[in-house]
Structures are given as C-alpha cells and as structure tokens.
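Worksheet: the structure to be examined is printed underneath.
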Amino acid sequence: MILSLIKRSLKLYFRDKMSVFFSMLGVFIIILLYLVFLGDLMASNVSFSPESGIDPEFFINSWIMAGVISVATVTTTLGAYGVAVTDKATKVINDFKVSPIKRSSLVLSYIISSFTIGVIMSVISLAFAEFYIIIAGGELVSFIGLLKTLGVILLSVFMSSSIVFFLIAFVKTNNAFGAISTVFGSMIGFLMGVYVPIGNLVGVDSLIKVFPFSHSSVLLRKILIAESVDDLSRIPAEYRQFLGIDFIYGDTVLPVYGHIIIMIGVTLVFFAMGVLVFSKKKESI
C-alpha cells in the first residue's frame, strides 16, 4: 500500500510542470545571477598566482556549481511536499482517512516520496553541474568525489525532508505553500552563502553559519573544489573563509565531521518535532 501511495505522489509531482519549475527556482536564480554578474564578481574577488597551479575558472565554476546542487537539495524536497498540501487543501486527505490506509502509512509515503524526488532532482542538478564544468574546460569529478557528493546529497535531502515535514503541519492551503516555496526558493541561496560569498556579507555571516542548510553547501564546496585543487591547504585561509569553504567559530575551523554531526542532529530534532505535531494535531495531515 505504501508503495502505491509513493508512486502516486511521484506521478502527481512530475505531472505538475509548474511545481517542478518552482522547486527548481533557486537553482535557476543562481545560474541567472552567475551569467549576469556573479561570475565577474567572483573573478574579481578571487585570484591565484601562476605558481599556485590553480585554474581560476575551474575553481570558480566548482564553487558556483556546489551552490547549485546544495540549493537543489532543499528546494526540490520542499516542492515535493506540495502533494501533501494539495491533498489537504482539496480534502482528498479525508478520503484516505476513511479508507483502510493507516495514517502513519500515509505520512510515511509523503516523507519517502519527497525524499526520493529530492534525491532525483539533486542528482539531475549534479549531472548538469558536471556537464557545465566540463564544457567550461574543467574536469569530471573523480569516482571518490562522486561518492562523497552523493553522500552529502542524501544527507542534505534527508535533513531538508525532516524540516519541511515539520513545517507543512502548519500549512493548509496551496496559496500559502506557494508563497512559502517562492520566498524560500528566492532566499535560500542567500542564506546558504551561495549568491554572494559569505565574506561579502559582514554582519550576516553569523546567521549563515547557524543556518542548517549552509552546512551542506560547505561540504559540497570542499568536495568539488578539491577536484580543481590538489590540496585545499594550498588555498589561502582567508580565501577559504571568505568563500565559505571553511566555517570558523571563534578561532576554530569546524571540521567535516562537525558539519555532518550538525546536519544529523538537525534532522533528528525536526523529525522528532514533526512526529510530535503529527501525534498532537490530527488535522496536520
């Protein structure tokens, strides 16, 4: 039964072209900004000596595309939950409630389908990013780098799914969900330090560092930029901090496992809160 519900959600999502478009809105905004001025801005802010052996264009493209993928893991997962909101708004959910389908099975189907859609769309974004990097003169990500990237995508989508799972309990109409999706799709890149390097956002950088989704963008930057540089330590520390490759709290650089722990912790907390709301608020789904 759960598989049938998941299949239904997948069909409804991909059948609605506008839903797919808006879930990719953040990605389109980044690409547009990059083509209009972000590429030139990055080029003016980042420069390496010929002795460094770093290809500036490959480096910048890797930075940008890491942002594209990280944003996709969030916005596409959010968009996938639109099926649940539509079911609630159109009262279809009432039909499920009077059927033999368990409420827990229905909720689980929404979660799994959103996770699946988020992973699919994020992998498509990864393929696009790699294609762009290659035609721009870069190199295809290594097998190990690909595995690491897929791992971050899975973790990021899982975290996004848990946060949205909690939020949709309070969304009752398609208009409200559409407004949230539009605002989220427009702002997510800014809050993840993707539109503009975090070093240019003095006073806001502290907010970005505590924003859960920004940790996935950091991990993806570390992985993809490592494809353009033999050793990340060759990149000056001020550049790594300025571009959000490293997050520094006080005098301490947060290690990779620190970002992973934060993401896992956020995932567990929001799923727990979502389950709590689900159990206390019967009209949530």
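Some notes on this structure:
- Pairs, first on the phi > 0 side of the Ramachandran plot in the range 132-144, second not β-branched (Val, Ile, Thr), C-beta under 9 Å, six or more apart: 137/55; 137/57; 137/58; 137/61
- Scanning the range 244-266 for residues that are in a helix (DSSP H, G or I), hydrophobic (A, V, I, L, M, F, W, C) and without any contact (Cβ under 8 Å) to a residue 12 or more places away in the chain yields a count of 1.
- Taking the range 81-157 and the helices (runs of 4 or more DSSP H) fully enclosed by it, the elements with 1 or more residues that are aromatic (Phe, Trp, Tyr) are at 92-97, 103-135.
- Considering the range 231-243, and only residues there that are in contact (Cβ under 8 Å) with a residue 40 or more places away in the chain and not in a loop (DSSP other than H, G, I, E, B), the residue that is surrounded by the fewest Cβ atoms within 10 Å (Cβ to Cβ) turns out to be 234.
- Selection count, the range 47-65, where residues are modelled with pLDDT of 70 or more and not aromatic (Phe, Trp, Tyr): 9
- Verdict on residue 68 being within 20 Å of the chain's Cα centre (by Cα), part of a helix (DSSP H, G or I) and either modelled with pLDDT under 80 or within 22 Å of residue 177 (Cα to Cα) (or both): no
- Residues that are of a type outside the set (D, E, K, R), at pLDDT 85 or above, surrounded by 18 or more Cβ atoms within 10 Å (Cβ to Cβ) and not in a helix (DSSP H, G or I) within the range 197-230 comprise 212, 213, 226, listed in sequence order.
- Within the range 51-91, being over 26 Å from residue 21 (Cβ atoms) and among the hydrophobic types (A, V, I, L, M, F, W, C) holds for 54, 58, 59, 60.
- In the set 148, 172, only one residue is in contact with a helix residue (DSSP H, G or I) (Cβ under 8 Å, 6 or more places away or on another chain), crowded, with 18+ Cβ neighbours inside 10 Å and of a type in the set (Lys, Arg); that residue is 148.
- Residues considered: 189, 185, 138, 118. Of these, the only one that is in contact with a Phe, Trp or Tyr (Cβ under 6 Å, 6 or more places away or on another chain), within 16 Å of residue 217 (Cα to Cα) and surrounded by 18 or more Cβ atoms within 10 Å (Cβ to Cβ) is 189.
- Restricting attention to the range 153-177, the residues that are touching a Lys or Arg at 6+ places or on another chain (Cβ under 9 Å) and closer than 13 Å to residue 69 by Cα add up to 0.
The values are calculated or read from the model by the stated rules, or taken from the named source; none is laboratory data. Just so it is clear, the structure is predicted and the values come from calculations on it, not from any experiment. All Cβ positions, even for glycine, are placed from backbone atoms using ideal geometry, and neighbour counts span all protein chains on display.
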